[in-house]
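Accompanying notes for the structure given below.
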Amino acid sequence: MQKFNTNTKIIIGVDHGYGNMKTAHRIFKTGVECMDGEPIVSKNFVKYKEKFYVIGESHLVYQGNKTESEDFYILTLAALAEELKFRGLHEANVILAAGLPLAWVKSQGADFKKYLLKEQELHFEFRRERFHVHLCGVEIFPQGFAAIVNLGAMSGMNMLADIGNGTMNVMQIIDGKPLEKSLVTDKFGVGICMKEMQKEFSNGNGEYIPEMLIEPLLRNGTQGRTDDTAVKAKRIAGQYAENIRKRLVDYGYKEGLVHLYVIGGGGCLLRNYTDLLDKAEVTFITDICANAKGYEILAEKKVHR
């Protein structure tokens, strides 16, 4: 374990998704359950201010503003612990680099920054290990754009589609420059497709079907299966993916003329249930940690400036 250098600051990027939390090197589900006492079975919990929070056993319900509850604050502590542990640290001076959906940065960015920065000295436990973070600052960047910050010139007309569990964020980029007026945040995330599948499968057998049983079908496709479950999944996922495609056209995507960049979990559905994967002018960014890595790059540049 590295020794804590009180004069050194490190930048940690955290992508606050509704489905998953991502740092540059770690991914975990967003579920948060507060408990008065230490969990009996789970070791995957945060202890903060004498309360215990079990992490990652489900996904968060979509919230129009990420500051509406303490959930994302607790998840940030878990994310910091995950990334610090990866780096061999348990204490550090940290600049937190985070983001919001493209259309929310202006309207919610200041509040989100204040929410994350409400305490500078963070003492907490994660998986029974103690962590100390001195939070030196918080930087908020546009989600999605951060993921493509290192892709090069991006000449001509381009469109970015960041499809997460709660929202789909779209932006046009002309010769490497994002168009402010093109920013769109659409509440049409993958969670809608998941709920449709759960409803369809539950109607068939009368039982609640947990997300963890459906996620492989979204992530990997049906892989040639012809059973009833696979047929239903292909129909529902295919319809959702086609609706995404139609919305992208409404937002300015023109096949063959605009280069489309797709990131986020929804990219799996477009890869598995449309023909976009075969098109030369479509690029799928499959690194689920791309936003978190981009936040770190943007924060590093800002610090140097």
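The values are calculated or read from the model by the stated rules, or taken from the named source; none is laboratory data. Predicted model, so just to flag it, every value in this text is computed and none were measured. We place every Cβ from the backbone using ideal geometry, glycine too, and count neighbours over all the protein chains shown.
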Next item on the list: Scan (1) among the hydrophobic types (A, V, I, L, M, F, W, C); (2) surrounded by fewer than 20 Cβ atoms within 10 Å (Cβ to Cβ); (3) part of a helix (DSSP H, G or I) for the single condition residue 270 breaks and write down its number.
Entry: (2)
Checklist line | Residues satisfying the stated conditions in region 273-305, i.e. over 18 Å from the mean Cα position of the chain (by Cα), farther than 19 Å from residue 176 by Cβ and not in a helix (DSSP H, G or I) | finding: 274, 275, 279, 280
Note to self: Can you tell me how many residues within region 67-93 are among the basic types (Lys, Arg) and either at pLDDT below 95 or not assigned by TED's automatic domain parsing to the domain that holds residue 31 (or both)?
What the structure shows: 0
Next item on the list: Name the residue, out of 253, 240, 261, 295, that is out of contact with any helix residue (DSSP H, G or I) (no Cβ under 7 Å at 6 or more places or on another chain), at pLDDT 95 or above, surrounded by 17 or more Cβ atoms within 10 Å (Cβ to Cβ) and among the hydroxyl-bearing types (Ser, Thr, Tyr).
Entry: 253
Next item on the list: May I ask you to list pairs of residues, at least six apart or on different chains, whose Cβ atoms are under 6 Å apart, with the first in region 132-158 being free of Cβ contacts under 8 Å to residues at least 24 places away in the same chain and the second being of a type outside the set (D, E, K, R)?
Entry: 153/176
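Do the conditions hold for residue 234, that is, is it within 20 Å of residue 158 (Cα to Cα) and part of a helix (DSSP H, G or I)?
It is false that residue 234 is within 20 Å of residue 158 (Cα to Cα) and part of a helix (DSSP H, G or I).
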Margin query: Restricting to region 230-268, count the residues that are more than 19 Å from the chain's Cα centre (by Cα), closer than 18 Å to residue 188 by Cα and of a type in the set (Val, Ile, Thr).
Written below: 2
Notebook entry, point to check: With 99, 88 as the choices, which residue is exposed (fewer than 15 other Cβ atoms within 10 Å of the Cβ) and of a type outside the set (D, E, K, R)?
Noted result: 88
Next item on the list: Could you grab me the full set of residues in region 217-226 that are part of a helix (DSSP H, G or I) and exposed (fewer than 12 other Cβ atoms within 10 Å of the Cβ)?
Entry: 220
Notebook entry, point to check: Among all residue pairs at least 6 apart or on different chains, which show Cβ distances below 7 Å where the first residue, located in region 98-116, is farther than 17 Å from residue 171 by Cα and touching a residue at least 60 places away in the same chain (Cβ under 8 Å) and the second is outside any helix (DSSP H, G or I) and among the hydrophobic types (A, V, I, L, M, F, W, C)?
Noted result: 98/14; 98/138; 98/140
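From 64, 17, grab the single residue that is within 30 Å of residue 185 (Cβ to Cβ), modelled with pLDDT under 95 and surrounded by 15 or more Cβ atoms within 10 Å (Cβ to Cβ).
Going through 64, 17 in turn, the sole match is 17.
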Margin query: Whether any residue in region 145-152 is closer than 30 Å to residue 260 by Cα and in contact with a Lys or Arg (Cβ under 6 Å, 6 or more places away or on another chain) is what I want to check.
Written below: no
Note to self: Any residue at all in region 276-288 that's touching a residue at least 24 places away in the same chain (Cβ under 8 Å), buried (at least 22 other Cβ atoms within 10 Å of the Cβ) and either farther than 20 Å from residue 154 by Cα or among the small types (Gly, Ala, Ser) (or both)?
What the structure shows: no
Check: Does region 45-58 include one or more residues that are closer than 19 Å to residue 292 by Cα, within 23 Å of the chain's Cα centre (by Cα) and at pLDDT below 95?
Finding: yes
Notebook entry, point to check: So which residues in region 54-68 are touching a residue at least 24 places away in the same chain (Cβ under 8 Å) and not in a loop (DSSP other than H, G, I, E, B), if there are any at all?
Noted result: 55
Check: Does region 104-127 contain at least one residue that is among the basic types (Lys, Arg) and either modelled with pLDDT under 95 or part of a strand (DSSP E or B) (or both)?
Finding: yes
Next item on the list: For residue 39, state whether it is out of contact with any helix residue (DSSP H, G or I) (no Cβ under 7 Å at 6 or more places or on another chain), surrounded by fewer than 16 Cβ atoms within 10 Å (Cβ to Cβ) and modelled with pLDDT under 95.
Entry: yes
Notebook entry, point to check: Of all the residues that make up region 159-202, how many are among the acidic types (Asp, Glu) and without any contact (Cβ under 8 Å) to a residue 24 or more places away in the chain?
Noted result: 2
